[in-house]
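Take a look at the structure below.
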């Protein structure tokens, strides 16, 4: 019997916190907790922007076949109270 694993998508999303000089650990936890079923954070990176502001880059794995799933991920991250703005940097097969 052949098992067919569907392709996954890796989305890199830059998340700007609502304030500069904040601890990003709670933000990471909130982002992981808010994601819709079927998506997970593969890893986080931190990118200094300016004047103490550090953006968080979340690399999110989601199923390729789920229609509208990327929109759900974006909406979920935007809904986190510590998030000011998000920017989808790249999306590709994983």
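For segment 27-37, a tally of residues being loosely packed, with under 13 Cβ neighbours inside 10 Å and assigned to a helix (DSSP H, G or I) returns 2.
A quick yes/no check of all residues on (1) at pLDDT 95 or above; (2) part of a strand (DSSP E or B); (3) surrounded by fewer than 16 Cβ atoms within 10 Å (Cβ to Cβ):
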site: 6; (1), (2), (3): no, no, yes
site: 12; (1), (2), (3): yes, yes, no
site: 20; (1), (2), (3): no, no, yes
site: 25; (1), (2), (3): yes, no, yes
site: 45; (1), (2), (3): yes, yes, yes
site: 67; (1), (2), (3): no, no, yes
site: 85; (1), (2), (3): yes, yes, yes
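Each row is one residue, and each column tells you yes or no for (1) without any contact (Cβ under 8 Å) to a residue 12 or more places away in the chain; (2) out of contact with any strand residue (DSSP E or B) (no Cβ under 6 Å at 6 or more places or on another chain); (3) surrounded by 14 or more Cβ atoms within 10 Å (Cβ to Cβ).
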residue	(1), (2), (3)
39	no, no, yes
54	no, no, yes
62	no, no, yes
70	no, yes, yes
74	no, yes, yes
77	no, no, yes
89	no, no, no
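The values are calculated or read from the model by the stated rules, or taken from the named source; none is laboratory data. Since the model is a prediction, treat every value here as computed from it, not as a measurement. In this analysis, Cβ positions are derived from the backbone assuming ideal geometry, glycine residues included, and neighbour counts consider all displayed protein chains.
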